[in-house]
Amino acid sequence: MKEDEVIEKLRGIVNPYLKEKDAIGLDSHLTYDLALDSIDMVDVMLEIETTFSISIKDKELNGFQTVRNIVDFILQKVNGNG
């Protein structure tokens, strides 16, 4: 899977939780820039797991600070490097 495909799908997952639609960028901080709270994050991660057919462990979730962190993680998982 290519990075732009992951980004597009991730935007579709995250946008419903944003006050400013389409405000998501690769370097957007999940809490400070996108204002996702812990409940939003759990919902988003569950949707990511379903959409990309991957599993996210709690310790991995704690490493997600920016959209780029999530994109890189997804790419590793779906491309067989993680």
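Here K2 clears all of (1) touching a Phe, Trp or Tyr at 6+ places or on another chain (Cβ under 8 Å); (2) closer than 17 Å to L75 by Cα except the condition numbered (1). The number of residues in segment 13-59 that are of a type outside the set (S, T, Y), farther than 15 Å from I74 by Cα and in contact with a strand residue (DSSP E or B) (Cβ under 8 Å, 6 or more places away or on another chain) comes to 3. Just one of the numbered conditions (1) modelled with pLDDT under 95; (2) over 12 Å from the mean Cα position of the chain (by Cα) is not true of G25: (2). Taken over segment 57-78, the criterion of being touching a Ser or Thr at 6+ places or on another chain (Cβ under 9 Å) and among the basic types (K, R) is satisfied by R68, K77. Just so you know, in segment 60-77 the residues that are out of contact with any Leu (no Cβ under 8 Å at 6 or more places or on another chain) and hydrophobic (A, V, I, L, M, F, W, C) include one that is modelled with the lowest pLDDT, and it is L61.
Would you check if there is a residue in segment 11-22 being among the aromatic types (F, W, Y), surrounded by 10 or more Cβ atoms within 10 Å (Cβ to Cβ) and modelled with pLDDT under 95? Let's see the steps before the verdict.
Of segment 11-22, the ones among the aromatic types (F, W, Y) are 17.
Adding the requirement that they be surrounded by 10 or more Cβ atoms within 10 Å (Cβ to Cβ) leaves 17.
From the residues that got through so far, the ones that are modelled with pLDDT under 95 too are 17.
Scanning segment 11-22, I find at least one residue that is among the aromatic types (F, W, Y), surrounded by 10 or more Cβ atoms within 10 Å (Cβ to Cβ) and modelled with pLDDT under 95, so the answer is yes.
Scanning segment 42-73 for residues that are of a type in the set (S, T, Y), surrounded by fewer than 14 Cβ atoms within 10 Å (Cβ to Cβ) and in contact with a helix residue (DSSP H, G or I) (Cβ under 7 Å, 6 or more places away or on another chain) yields one hit, S55.
The values are calculated or read from the model by the stated rules, or taken from the named source; none is laboratory data. These numbers were taken from a predicted model, which means no experiment stands behind them. Here the Cβ is made from the backbone with ideal geometry for all residues, glycine too, and neighbour counts use every protein chain on show.
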